[in-house]
Amino acid sequence: MTTNPVYPSELDALLAISSGLNAEGGNERFKQIMHQLLSDLCHTIKKFDITDEEFWVAINYLNELGERKEAALLAAGLGLEHYLDMRADEKEAAAGNTSGTPRTIEGPLYVANAPLSQDFARMDDGSEETEAMWLHGKVTDLQGNPVAGAIVDIWHANTHGCYSFFDPSQSEYNLRRRVRTAADGSYAVRSILPCGYGCPPDGPTQKLLNGLGRHGNRPAHIHFFVSAPGFKHLTTQINLNGDQYLWDDFAFATREELIADPVKITDDKLARERDIHAPHTEVSFSFALVKAAESGEEERVKRARVME
Ligand code: MBD
Ligand code: FE
């Protein structure tokens, strides 16, 4: 490559030309971002005197990540998805809006268009004989007024920490439901008590975490999208208190305000009313939604999702 005198060094010329800075077409913002990323990468290669062998291990790792479809899992594990939350929180705080149920990451395991029902749903297919969970609460506005007709989209893992669709041994939409809230803003589901998640032990995400001396576990949790016309979409999760990983989540999603205390129900009458007929665990959690200022805020962030 010939060096161009307008660039202070051969590397500067390489980075500028490879990022298309002097090319006609393409997207200006994309060029600037690629230029920064390539520059940071080259400086890292130089700083650590990265060997050719190390470089090709890293390139091959990208292929492994894609082959196993774990890029979004790694983004969660490296704290990058949580960093997006930190930035969204910071922007809201700067605008003076800090109220409502806090957000936390969506994670990589959502499947769109789960069965929708009114007021109540049973989420599990009955295939796992394990402790039932009665999960219920209300959707309100910031003044505590009920939000009727809100959609509470819920997904969680089974007792092995696995999610339907990604775990082909489970039935379609097992442990995934959408419930439309009642006139008093309430929702209720019957499901099974989930266990915490662990990254696939033979996958590229866990391989990288091993190199960092980190584990790939999440505490038992339940995911929610909560939406209603006129309100900001909420992406959040709750953690079940008492889990060993509660404050050691590899994906950094735990928040003080999002911890629910599971309550053991041994009252036969209550169990019968719920058609459970056995001791079970009750989890209550309510959501306070913030009014939307712009219509775009009512929708979840655009992202490639299964079945969407
Ligand atoms: C999960 O269940 C999850 O919620 C996240 C964020 C990452 C991996 C598995
Ligand atoms: Fe999850």
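Points to keep in mind about this one:
- Filtered by the rule that a residue be open to solvent by 40 Å² or more (accessible area, probe 1.4 Å), away from ligand 1 (no atom under 16 Å from the Cβ) and not in a helix (DSSP H, G or I), the stretch 197-231 gives 213, 229.
- Number of residues in the stretch 32-52 that are of a type in the set (A, V, I, L, M, F, W, C), open to solvent by 90 Å² or more (accessible area, probe 1.4 Å) and more than 19 Å from residue 13 (Cβ to Cβ): the value is 1.
- Residue 76 falls short of the stated requirement of being within 16 Å of ligand 1 (Cβ to nearest atom) and in a loop (DSSP other than H, G, I, E, B).
- Single match in 176, 218, 180 (criterion: away from ligand 2 (no atom under 16 Å from the Cβ) and at pLDDT 95 or above): 180
- Subset tally (residues that are touching a residue at least 60 places away in the same chain (Cβ under 8 Å), outside any loop (DSSP other than H, G, I, E, B) and either touching a Cys at 6+ places or on another chain (Cβ under 7 Å) or within 19 Å of residue 76 (Cα to Cα) (or both)) for the stretch 232-258: 5
- Scope the stretch 134-163; condition at negative phi, in contact with a strand residue (DSSP E or B) (Cβ under 6 Å, 6 or more places away or on another chain) and within 16 Å of ligand 1 (Cβ to nearest atom); matching residues: 153, 154, 155, 156
- Cross-chain or 6+ apart pairs with Cβ under 7 Å, the stretch 92-110 first and farther than 18 Å from residue 301 by Cα, then among the charged types (D, E, K, R) and more than 16 Å from ligand 1 (Cβ to nearest atom): 98/92
- Filtered by the rule that a residue be part of a loop (DSSP other than H, G, I, E, B), within 12 Å of ligand 1 (Cβ to nearest atom) and farther than 22 Å from residue 118 by Cβ, the stretch 166-177 gives a lone residue, 166.
The values are calculated or read from the model by the stated rules, or taken from the named source; none is laboratory data. All values reported here derive from a predicted model rather than from experimental measurement. Quick reminder, even Gly has a Cβ in these numbers, built from the backbone with ideal geometry, and neighbours come from all protein chains shown. Surface areas here come from the heavy atoms of the whole protein model, side chains and all, with no ligands, DNA or RNA. Shrake-Rupley method; radii C 1.70, N 1.55, O 1.52, S 1.80 Å.
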